[in-house]
Every structure is written in structure tokens, then in C-alpha cells.
Amino acid sequence: MGPLDGVTVVALEQAVSAPLCTRALSDLGARVIKVENPAGGDSARYIDDVVGGMSAHFVWVNRGKESVTLDLKTAPGLRTLHRLLDRADVLVSNLTPGTTAKLGIAPDDLATTHPNLIAVEIDGYGQGGPLSHKRAYDLLVQAESGACAITGTPGAPAKPGPPMADASTGLYAALSIVALLYSGERRAITVSLFDTMTELMGYALNFTRHTGVDQQPHGMGSPAVSPYGAYRTADDRTVVLGTTNDREWQRLARELLERPDLADDDRLRTNPGRVAHRDLLDTELAAWCARHDLSYIQQRADEAGIGNARYNTPSDVLVHPHLAARDRWRDIDTPAGPVPALLPPPVISGYDPPMGAVPALGAHTDRVLAELGLSDVELRELRRDA
């Protein structure tokens, strides 16, 4: 039994943000009923077909859920949704702006019709602003929030690779749900992708507010600290080395580079000075790394207490020895057969996450509706409308 055993979540969700929220709840033991349109369901099912005919996105964020198909544009479908909500603890949605209001299931509506329900809406830009009406996707919000401007290199901005806006918003929503479940209160929750990304931009926004300077992106480096970046090695690999304080810089200069002259250079004694002379330090580190193999650099860095990592591709991570040694992979069932999936990040003592199956569209409709006690006439009506 998981921490959220006995909690029922109904999800009107698509893409990544809400599905990751509800998958996190499922990983903690909640029952998640994913309500999908019978005419195709979650659009993320069809982004690609690389996982045995299924989308890589969908398989990632939809394990452990039950798929029920209902046409919410019909009266029988909407009535059935309300019957599901009668038995639910949480409703999570991330539909296009205004959709829940049109269906009569916006948080204000549910406060009257289902006062014991935690109603969660994930949207793009929050309510009450000039952008509130707009559709919002991960890239669009990352651009609007300034995240792309501090990613990449000068003159070549980039979207951070993982869907940071979607994923972080989903996890903030899950955290808020768990907090309300813990408190026993039933309130409405709204979380927007834009508010989440501007929160994650906290360092950059504070820096610019107080200096008037828009920091430039530094590729695999950091605008805040130096030295901190990626360097090619003698065996044509890439090592990432970083310092976060003046003591680490002293160890890097004296013990790793064996350059006491750099350690004693007044220009480099503090981090602001090192940032101002970033080019000098990057040149020195690049030259040193180019003379040594990756394994030697990492061994020496570990001995000196200097943070370091190997630059990996996704193919490298799939066979990463650290994941294998810690038994982080599990097989999960899907309509196309078992596929590997990573365990969720939280490791809870004495609890094994359920790692449930990825559902086929509508696979659980009959079973879930039978639990509601629908009559044969009502079931026929639903099937006709579907």
C-alpha cells in the first residue's frame, strides 16, 4: 500500500504537464482514472510511434492509469463524469482555456456540485492577464518566460532539452495536491506554466533586476560561476568540471592543474573576478584537459574534491552503470508488450512503486462504469454516443 492508497484521481489531461502530475500521484499509490475522448483520446498518444507503435511521450507519463472513454460534449457523457467525480478525491485538468467552464466543471462550479473535491487546473498563463486566453505549449512558455534567452550560446538561443515548463508545472501541481490531502482541506488549485517558468528563472530575474544586465547564455557553462564548463579530453571525450566557491577554486588550481600561480593571482581570488576572467580560465582548463584522458581527469578531480561529470548522450544513459548498479529499471506492461521504464525519483523506505501498465485507449471503460452502477440503458446510451 502506497502513501496515497485510497485516493482516487480523475484526470482530464493531455500532453505532459497534467499527465506527469497524475503519474506522480499514481506512483505514490493513488488510483488515476484518465478520461479520454473516444475519438482518439490524449493527443500525446500520436506524437510518434516508436515504442511498439506507441508514443514515447505517452508511455513516459501515463503508466499506472485506467483509461475511460467518455464524450463530454454529450449529456450522458457529462453525467457519467459527474458520477465519477462523486467518488473522486481530486480532479486534474489541463484542457484548452475556457473548456472546463464550458463544460460546467471549472473550479467555481465544482465548489458547488462537488464540494469535497480538490479541483486542479493547469493552464498556460494563469487568469486575469493579457495572455490568459492563449494556448500554451512548453516551448512557447519557455520563450515567453525568458528561459530560451539564457540557454544556448550568444546569438543562438535554445530551448532547454527536457520540457521544463510542462514537467515542473506538473510536479508543482502534484505537490499542492499532496499538501491539501495532508491538511484535509478541499480547495481549488490553479498552476500555470508561465508562473512556474518565471519562478525557475528566479536567479536570472534577480540578477537582471539588480544589475540592469541581461546575462548571456554560456552553452554548457554558467553565467554565475567560473570556472564551470565542458572541455574536450585527450581521448576525444568531454568532461564537465565545476567550482562553486573560492575554496574549490584553490583546490582546482593547486591540486588539479598544479598551477599555484593561478591560485595566487589576485584577479582570480574571488568568484566575481574569475567570472570577469572567464576566457583566461577556460583557456587554461581546456589546454590541461586536452593533455589527459577522461578517466585520468575524473580520478584526479575526485581526489581533489572537485565536482566533475562525463558528458553523455541519451544512448549512454540507457546503459549507464550507475542506473544498473542501483537497479533503477523496471519492465512495465503496455498494449505492445513489456517495455523498460525508470523508477520514480523518490525512494521511500519499505515501499515499491506499483509501476502499473500503460493503458490502451478506453481499456477500462466497462470496468469503471460498472463500478458506478450504470444501468444497461445508460451503458447503451453512452456507447451509442461514443
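The values are calculated or read from the model by the stated rules, or taken from the named source; none is laboratory data. Please read these numbers as outputs of a predicted model, since none were measured by experiment. Every residue, glycine among them, receives a Cβ derived from its backbone with ideal geometry; neighbour counts consider all protein chains shown. Please note that ligands, DNA and RNA were not included when accessible areas were found on the heavy atoms of the full protein model with its side chains. Shrake-Rupley method; radii C 1.70, N 1.55, O 1.52, S 1.80 Å.
What the table below lists for this structure:
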{"read-out": "Segment 225-279: number of residues that are touching a residue at least 12 places away in the same chain (Cβ under 8 Å), among the aliphatic types (A, V, I, L, M) and farther than 17 Å from His292 by Cα", "value": "5"}
{"read-out": "Test for Leu84: is it modelled with pLDDT of 95 or more, more than 20 Å from Arg367 (Cβ to Cβ) and assigned to a helix (DSSP H, G or I)", "value": "no"}
{"read-out": "Test result for Gly155, at positive phi and open to solvent by less than 40 Å² (accessible area, probe 1.4 Å)", "value": "no"}
{"read-out": "Every residue from segment 216-256 that is over 16 Å from Ala286 (Cα atoms) and among the β-branched types (Val, Ile, Thr)", "value": "Val225, Thr244"}
{"read-out": "Scope segment 365-386; condition buried (at least 17 other Cβ atoms within 10 Å of the Cβ) and touching a Ser or Thr at 6+ places or on another chain (Cβ under 6 Å); matching residues", "value": "Thr365"}
{"read-out": "Failed condition for Cys21, given (1) open to solvent by 10 Å² or more (accessible area, probe 1.4 Å); (2) in contact with a Gly (Cβ under 7 Å, 6 or more places away or on another chain)", "value": "(1)"}
{"read-out": "Residue that is surrounded by the most Cβ atoms within 10 Å (Cβ to Cβ) [pool: residues in segment 182-240 that are closer than 30 Å to Asn94 by Cα and of a type in the set (Gly, Ala, Ser)]", "value": "Ser192"}
{"read-out": "Options Gly307, Gly356, Gly350; residue that is of a type outside the set (Val, Ile, Thr), open to solvent by less than 50 Å² (accessible area, probe 1.4 Å), under 29 Å from the mean Cα position of the chain (by Cα) and over 22 Å from Phe58 (Cα atoms)", "value": "Gly307"}
